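Peer 1: Have a look at this one before I ask anything.
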Amino acid sequence: MNKNFITFEGSDGAGKTTVLKRVFETLNGSLETPVILTREPGGNRISEMIRNVILDRNNEEMDPKTEALLYAAARRQHLVETVLPALNAGKLVLSDRYLDSSIAYQGGGRQIGYQAVYDMNQFATAGLMPGLTIYFDVPVEVGLERIAKHRSVDEVDRLDVETKAFHNRVHAAYQQLVHDNPDRIVSVDATKSIDEVCTKVLTILDDYLNRSVK
Ligand code: TYD
């Protein structure tokens with residue numbers, strides 16, 4: 001576990017990415033510790049290329065295990081190139097998604113199994129876990145409605161267009177992760193307004209960072 005490594009998780013349409021940008025701007029201007037905001041799958045050239053392969057809607061024939069391996073590969077490159085150097089330099093790393101996404105989407109959504117996906121990812125992560133994970137909780141219907149409203153046809157990816165049953169399984173997996181990891185994962189009600197969610201997330205981060213220093 002690395003206390004300076006903080007991840008953000010949630011189903012599609014939870015508003016995570018919008019909130020994170022604002023949270024990052026606030027923290028960046030107020031903390032002495034340098035902060036970086038990065039995302040999975042992506043954050044560097046190779047991972048962005050892998051991301052394009054995974055999320056391309058033309059890749060309909062992709063096998064679930066291939067998908068899980070590609071996410072793990074993108075994760076490995078992201079760790080080596082972006083996360084670990086920043087942590088080693090004493091920075092605070094905020095990552096939009098990490099291993100829990102694979103457990104929820106590939107383990108739950110694609111039904112590969114939570115444990116199988118966790119185990120397979122150990123090769124990629126060498127056991128690195130975040131000190132804190134903030135989970136943006138939103139009912140599946142609300143998330144899907146937001147995607148339909150706010151994303152153009154070009155922005156909708158291969159996972160967004162999955163069935164409602166798939167998104168239900170992703171949501172159920174996240175609930176299980178929250179239940180199983182009470183010391184690491186804090187859940188935030190993401191049905192609230194962007195302003196309210198930002199305030200809540202900043203409070204959680206503030207508490208966590210003050211606790212960590214002591
Ligand atoms: P993205 O457009 O970044 O979604 P969001 O803005 O909601 O985070 O696309 C990332 C997609 O990849 C998203 O649907 C979740 C999925 N994903 C997995 O299925 N497994 C993973 O391990 C990760 C990191 C993401």
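The values are calculated or read from the model by the stated rules, or taken from the named source; none is laboratory data. The structure presented is a predicted model; accordingly, all values stated were derived computationally and were not measured. Note that each Cβ is placed from the backbone with ideal geometry, even for glycine, and that neighbours are counted across all protein chains shown. The protein model used for the area step is the full one, side chains on, heavy atoms only, and it has no ligands, DNA or RNA in it. Shrake-Rupley method; radii C 1.70, N 1.55, O 1.52, S 1.80 Å.
Peer 1: Of the residues that make up region 91-105, is at least one basic (Lys, Arg), closer than 25 Å to Ile185 by Cβ, within 11 Å of the ligand (Cβ to nearest atom) and touching a Gly at 6+ places or on another chain (Cβ under 7 Å)?
Peer 2: Here is the first cut: in region 91-105, the residues basic (Lys, Arg) are 91, 97.
The next check asks that each one be closer than 25 Å to Ile185 by Cβ; those that pass are 91, 97.
Imposing the further condition that a residue be within 11 Å of the ligand (Cβ to nearest atom) reduces the set to 97.
Applying the additional criterion that residues be touching a Gly at 6+ places or on another chain (Cβ under 7 Å) yields none.
No, region 91-105 contains no residue that is basic (Lys, Arg), closer than 25 Å to Ile185 by Cβ, within 11 Å of the ligand (Cβ to nearest atom) and touching a Gly at 6+ places or on another chain (Cβ under 7 Å).
Peer 1: If you go through region 135-186, how many residues are in contact with a helix residue (DSSP H, G or I) (Cβ under 8 Å, 6 or more places away or on another chain), at pLDDT below 85 and not aliphatic (A, V, I, L, M)?
Peer 2: Result for region 135-186: 4.
Peer 1: Exactly one of (1) under 21 Å from Ile54 (Cα atoms); (2) away from the ligand (no atom under 12 Å from the Cβ); (3) touching a helix residue (DSSP H, G or I) at 6+ places or on another chain (Cβ under 9 Å) is unmet by Gly109. Its number?
Peer 2: Only one criterion in (1) under 21 Å from Ile54 (Cα atoms); (2) away from the ligand (no atom under 12 Å from the Cβ); (3) touching a helix residue (DSSP H, G or I) at 6+ places or on another chain (Cβ under 9 Å) is unmet by Gly109, namely (2).
Peer 1: Might you let me know whether region 86-103 holds any residue that is among the charged types (D, E, K, R), under 19 Å from Glu40 (Cα atoms) and more than 17 Å from the chain's Cα centre (by Cα)? Before you say what the answer is, go through the steps one by one.
Peer 2: Taking region 86-103 and keeping what is among the charged types (D, E, K, R), we get 91, 96-97, 100.
After this cut, where a residue has to be under 19 Å from Glu40 (Cα atoms) as well, the list is 91, 96-97, 100.
Okay, now just the ones that are also more than 17 Å from the chain's Cα centre (by Cα), so 91.
The answer is yes; a qualifying residue exists.
Peer 1: Here's something else I'd like to know. I'm trying to understand the selection: among the residues of region 14-68, which are near the ligand (Cβ under 10 Å from one of its atoms), open to solvent by 60 Å² or more (accessible area, probe 1.4 Å) and modelled with pLDDT of 95 or more?
Peer 2: none
Peer 1: From the set of residues in region 178-198 that are polar (S, T, N, Q) and surrounded by 14 or more Cβ atoms within 10 Å (Cβ to Cβ), which is farthest from Asp100 (Cα to Cα)?
Peer 2: This residue is Thr191.
Matching residues to (1) surrounded by 15 or more Cβ atoms within 10 Å (Cβ to Cβ); (2) within 19 Å of His179 (Cβ to Cβ); (3) in contact (Cβ under 8 Å) with a residue 40 or more places away in the chain; (4) hydrophobic (A, V, I, L, M, F, W, C):
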| site | (1), (2), (3), (4) |
| --- | --- |
| Val83 | yes, no, yes, yes |
| Tyr98 | yes, yes, yes, no |
| Gly113 | no, yes, no, no |
| Asn121 | yes, no, yes, no |
| Thr125 | yes, no, yes, no |
| Thr133 | yes, yes, yes, no |
| Val140 | yes, yes, yes, yes |
| Arg158 | yes, no, yes, no |
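Peer 1: Out of Gly29, Gly13, I need the residue that is touching a helix residue (DSSP H, G or I) at 6+ places or on another chain (Cβ under 7 Å) and not charged (D, E, K, R). Which one?
Peer 2: Details: Gly29 fails: touching a helix residue (DSSP H, G or I) at 6+ places or on another chain (Cβ under 7 Å).
Criteria check complete, one pass: Gly13.
Peer 1: With the structure loaded, tell me whether Ala73 is of a type in the set (A, V, I, L, M, F, W, C), in contact (Cβ under 8 Å) with a residue 24 or more places away in the chain, open to solvent by less than 60 Å² (accessible area, probe 1.4 Å) and within 11 Å of the ligand (Cβ to nearest atom) or whether it fails that test. Lay out the reasoning, then the answer.
Peer 2: Values: of a type in the set (A, V, I, L, M, F, W, C): yes; in contact (Cβ under 8 Å) with a residue 24 or more places away in the chain: yes; open to solvent by less than 60 Å² (accessible area, probe 1.4 Å): yes; within 11 Å of the ligand (Cβ to nearest atom): yes.
Yes.
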